[in-house]
Structure formats: structure tokens, C-alpha cells
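Bear in mind that the values in this text are calculations on the coordinates, not laboratory data. Remember, it's a predicted structure, so these values are computed and weren't measured experimentally.
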Amino acid sequence: SDQLKMIISAIDINIKIEKTITTIPEALEYLKYNEPDLIFLDININEVNSLSFFEDKLVKSKIIITTAYTEYAINSFALNTIDYLIKPITREKLEKSLIKYTQFSDNNLPKEYKEKFLIKLGTSYTIVFTKDISYFVYENKYTTAVGFNGKKYLLEDTLLSLEE
């Protein structure tokens, strides 16, 4: 939206807004040939839930969700989502999201973090790299890593140890 563009420009004039897209087909076509660093994605595009169209696509761009709906927050993290902004979007909220984006961009990861996990699969083991993990889930006393490819890996780590 124009308001979002205005706030972004006020925060940092060096941020280049490449394209504003208003339909899902246009977005999918654009993403076939382009990989923007960051996407601001509204969940409701022309009365259609955009998450359902993007969940099965391998979108490598970082995503900040902008929406009036709180109920889609959990589902949005199946994407490469780094933040979920509830409208109205303020400069303060957007600044915090952009700081998150900067902290988690591939070139600027925190210096000390676990780079890979050794995962037991039956009687064998596999290595899953941190950069390939979309998010972690803790439920029923188990921690699961979910990859960008949708695969789930049971971890022995607690969420507290992962956070550290």
C-alpha cells in the first residue's frame, strides 16, 4: 500500500521498493523469475487468502506478513516469515521488523549459532543445516524442526537450549 511505502521511505531511503503487486497470479508470475530480498505480504489480497497460494511454493525471499487478521499467524510461519504485523502498521512496528530482517539475513546471522543438527532417523543419522530450517515447534514435550522443504525432524534439544 502507499502508506507502507511512505513509512518504509521515512525509515530508510536506501530501501528500494522493486514492485507493488496487487493480485496473486501477478505475484506468482513475478516470483518465477525474481527473488526479492524481502516481501511484504498481505494475507488478504482481493478477498483471497494469499497464504494458501504461497505455502506450497519454495519462496526463498524473507517475508513480513502485513494483515488485519491475527488468526493466521501460526500458518504464516510455514513460509520464510520473519515477522507478522497487525494493521494499522506504524513506523515503530515496521522499524522492529526491519531490524529483525537485518539480523536474520543470510549475510548477517548472529556470529555464534548452531550451524547444523545431527538428527536420528530410525537406526541412521542425518545432518540438517540451520539455514535449511524454517521454524521450530514444541508440542507434547517434543521439539520439532520444520525445514523450508516441509520435512519435520524430531530434536533432542529443548526450545530453551535452541534459543541460547
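Things to note:
- Centroid-to-centroid, using Cα positions, segment 9-40 and segment 115-140 are 31 Å apart.
- Reachable lysines from residue 19, criterion Cα separation under 26 angstrom, eight or more residues apart if same chain: 5, 32, 57, 60, 62, 87, 93, 96, 100
- Correct choice for Kirkwood radius over Cα pairs in Å that was computed from the model, options (i) 17.4; (ii) 19.8; (iii) 21.4: (i)
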